[in-house]
Amino acid sequence: MSKPLAEADHNTPFKDKHMTEHLILAPLPGTFYRRPAPDAAPYVEEGNLVAADTVIACIEVMKQFNEMTAEHGGRLLAFLLADGDAVDIGQPVARVVT
Amino acid sequence: MSIRYSFGGDEFLFAEVSESMSLTACFTSMAITGLLRQQQWPGIVEICPANASFQLRFDPDILPAAQLLQLVQELEQAVQDSPQTLDTRLVEIPVWYDDPWTLEVGARFRERHQDPQSTDLQYAARCNGFDSVDAFIAAHSGAPWFVSMVGFVAGLPFMYQMVERDRQLQVPKYLSPRTATPRQTIGHGGCFACIYSVAGAGGYQMFGITPAPIYDPQQSLPYLADSMVLFRPGDIVRFKPIDQQQYQAAVQAVAEGSFQLDIFPVRFSLPDFLANPQAYNLSLPGGHHAH
Amino acid sequence: MHIKVIKPGLATSVQDAGRNGHYHLGIPPSGALDQYSFRAANLLLGNPETTAVLECTLLGPQLQFGVDCRIAVCGADMLPLINGQPQATHQVLSIAAGDMLDFRPATAGVRAYLAVSGGIDVPEVLGSRSTYTLGTLGGYQGRCLQAGDMLMLGRSTAEAPAGRSLPPALRRPLPRQATVRVLPGLYDHRLTAQSAERFYQETWTVASESDRIGYRLKGGSPLQFRPREAPFGAGADPSNIVDAGYPVGSIQIPAGKEPIILLRDAVSGGGYAMLGTVISADLDVVGQLPPNQRLAFSAVDMAEALQARQQGQAALERLRAALQG
């Protein structure tokens, strides 16, 4: 489940006063997936660079899969949920620094 | 044998005629629900016969639950003495057994099947002690089927074969349901045959496909002009094996709107049937052509 | 006289009071899952109570209006925006030809009802405009909305002034924790006494695949069945029965594992034992429970079910009195 942000911050090598950190929030409740199919590679690995329109995860609800984008160009520091976790609307799912 | 009643919330009355399937139980369900349909009681909203049970939806503001129960129990008594005959019809359904579409879908879901090395038909033949798929198809198409329930999804008939219990074809459902089944697939689960009226999820074994639409909200074929649903509980179905050429001709006719089904009026007598099923089936329209 | 669908939303469909009389052919009632909020939206707007509306699910659609009209959004908290400007739910809003309507995601509840003056004009099928997607029946071409669809509007008789709002006391409550009342029965005698009792003591969680057909529940203990010899035709699994009709609201327990509550797009029958039925007064509540929400069940008898039914009808009467007076 999600870690408190302050605690997670201690571990990040990317923290810098010129950087802005964004929490990516779930637009939907459902089940959180980091990969498009059970046997597929993750959309994005932690630490990778992403563009605003990069798909980083999807949320399954009512048998439909809804892709989530990074919303900000930058580096995806960490996912705050594991593959298959339950997710609520507005819950932070990832941290991106720009 | 008395019926077990249970209320499904404040709007449904559920009635289990028998725990196990039999044509006799189905007939009792149809007799009671048939009378209810004729009597048109205010406050009864839905009358749904099923294989060996039935359910009613009612408006308790118009017809209180206790009053409905009493009414149905009176009918339960009344039908015990009524003649067990039914004015119905026999519908011939052409089937291309072992067709490429259901084979392809079956192959895609093999990991959900009891026997991934066989096709559904090979598995069903073996389960029922037939030495070939052809012999199984002969048994499947050789005796007619009684539509014992319509439902699950719109227009899907459940059918119980009109043979003695020890000749019933029984095949387990898939271990877990498929997410796809072609429309108009001939399916089988437990002792029931079905025809998938729409494409979608399903757990029944797949034996073949019919070119005949049995549910069509557009009602584009003449035999669906009166109702978008072809089947009614009580219909009798005979499966007629066809080959690829006949199937394609039928599909063409469906597209042109000229496709027709052979439908014959029948007065079905349960006692006559039970007395000698094989002879009775031969007496039905088209019976002498079957095996 | 039309609305153009720019984005369809998660699952937006045309719904009304639903259709009766065809369940024996496998055609379920369909209709708005939260009948109270659907009726509230129409009454607020001055439409006849059961005028066809759009049922919007979690993520609303984006719609461009081709005509001046009035709208109202009731049910789930999905804030409407007109040309990007936040508006209120449960209020009559004016919208002009060319305006764009979209929604913030639902922050409470699941289903918001967008009523439009005059209603959504799709053909009636079997007595209703409701969409039954499994059967591609009714609604807009028998399916949920897609981008590019053009919805026609009916002739408006709505007179409600813009700005009129529904008093909070008349809005459907959307609690974070729900208790749903159930009349035990159907095949509950197949369960062990301990299992039948435990079902009502545990807290369940709404599974994410829950939809208009049914709500699947997770998180409780598997249910145990009494030993038996399988009746002919029932199937070998202890949860199997000879395929029978399913009441709308009935709770089935495939393999004893994850109970499923059937809603208004129910499959009409099948081969799994059911342990009881959600009472009619609480069926609306189920359709407003979002995925991952917790719920518990309480067992009631028929007298309590009927009392709850009367309370529901009284609430609807108060709504009519407040808005039609």
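The table below gives the values:
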read-out: Heavy atoms of C:Arg228 accessible to a 1.4 Å probe, total area in Å² rounded to 10; value: 80
read-out: Percent carbon-and-sulfur accessible area, the stretch C:15-85, ignoring ligands, DNA and RNA, probe 1.4 Å; value: 45
read-out: For the stretch B:146-155, 3J(HN,Hα) per residue [Karplus equation, 6.51 cos²θ - 1.76 cosθ + 1.60, θ = phi - 60°, Hz, x = Gly/Pro]; value: 9, 6, 9, 5, 10, x, 6, 10, 3, x
read-out: Packing rank of C:202-210, B:101-109, where each peptide gets the mean count of other beta carbons within 10 Å, highest leading; value: C:202-210, B:101-109
read-out: Two-decimal ratio, chain B, of alpha-carbon radius of gyration to 2.2 N^0.38 Å; value: 1.03
read-out: Span from the the stretch B:126-194 Cα centroid across to the the stretch C:262-319 one, whole angstrom; value: 34
read-out: For residues of C:223-235, the mean tally of beta carbons on other chains within 10 Å; value: 4
read-out: Relative counts (whole %) of C-alpha pair distances in the stretch C:2-170, using bins that are 10 Å wide; value: 12, 44, 36, 8, 1
read-out: Area projected by the alpha carbon convex hull of the protein assembly as shown, averaged over all directions, nm²; value: 33.7
read-out: Neighbouring partner chain Cβ atoms per residue of C:287-299, average, 10 Å criterion; value: 2
read-out: For the stretch A:28-97, projected area of the alpha-carbon convex hull averaged over all directions, nm²; value: 4.2
read-out: C/A buried area, accessible surface, summed, 1.4 Å probe, Å²; value: 1200
read-out: Ratio Rg/Rh, restricted to chain C and using Cα atoms, in which Rh is the Kirkwood radius; value: 1.00
read-out: Sequence of B:Tyr160, C:Tyr200 from largest to smallest accessible area, 1.4 Å probe; value: C:Tyr200, B:Tyr160
read-out: Heavy-atom accessible area ranking, 1.4 Å probe, most first, across B:Thr28, B:Thr210; value: B:Thr28, B:Thr210
read-out: Mean Cβ neighbour count within 10 Å, used as a protection proxy, ranking B:165-174, C:20-29 highest first; value: C:20-29, B:165-174
read-out: Per residue accessible area of chain C, 1.4 Å probe, in Å²; value: 35
read-out: Highest-first arrangement of B:149-158, C:81-90, where packing means the average Cβ count within 10 Å; value: B:149-158, C:81-90
read-out: Environment charge of B:Phe58, counting only residues whose C-beta is closer than 13 Å and scoring Lys/Arg +1, Asp/Glu -1; value: -3
read-out: Occluded residues from the stretch B:116-156, i.e. those whose accessible area drops by 10 Å² or more once the chain is not alone (1.4 Å probe); value: B:Met149, B:Val150, B:Gly151, B:Phe152, B:Val153, B:Ala154
read-out: Whole-angstrom Cα spans of the stretch A:17-61 along principal axes, big to small; value: 37, 23, 15
read-out: Rough spin-label spacing in nm, given labels placed 7 Å along Cα→Cβ, for C:Gln311 and C:Ile6; value: 4.3
read-out: Mean accessible surface per residue for chain B, computed with a 1.4 Å probe while every protein chain stays in place, in Å²; value: 41
read-out: The stretch C:177-313, Rg to Rh (Cα coordinates; Rh as Kirkwood inverse mean 1/r); value: 0.95
read-out: In order through the stretch B:239-248: 3J(HN,Hα) via Karplus (6.51 cos²θ - 1.76 cosθ + 1.60), integer Hz, x for Gly, Pro; value: 7, 10, x, 10, 9, 4, 5, 5, 4, 5
read-out: Other protein chain Cβ atoms within 10 Å, averaged over every residue that makes up B:55-63; value: 4
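The values are calculated or read from the model by the stated rules, or taken from the named source; none is laboratory data. Keep in mind that this is a model prediction, so the values were computed, not measured. Glycine gets a Cβ as well: all are built from the backbone with ideal geometry, and neighbour counts include every protein chain shown. Note: areas computed on protein heavy atoms with side chains; ligands, DNA, RNA excluded. Shrake-Rupley method; radii C 1.70, N 1.55, O 1.52, S 1.80 Å.
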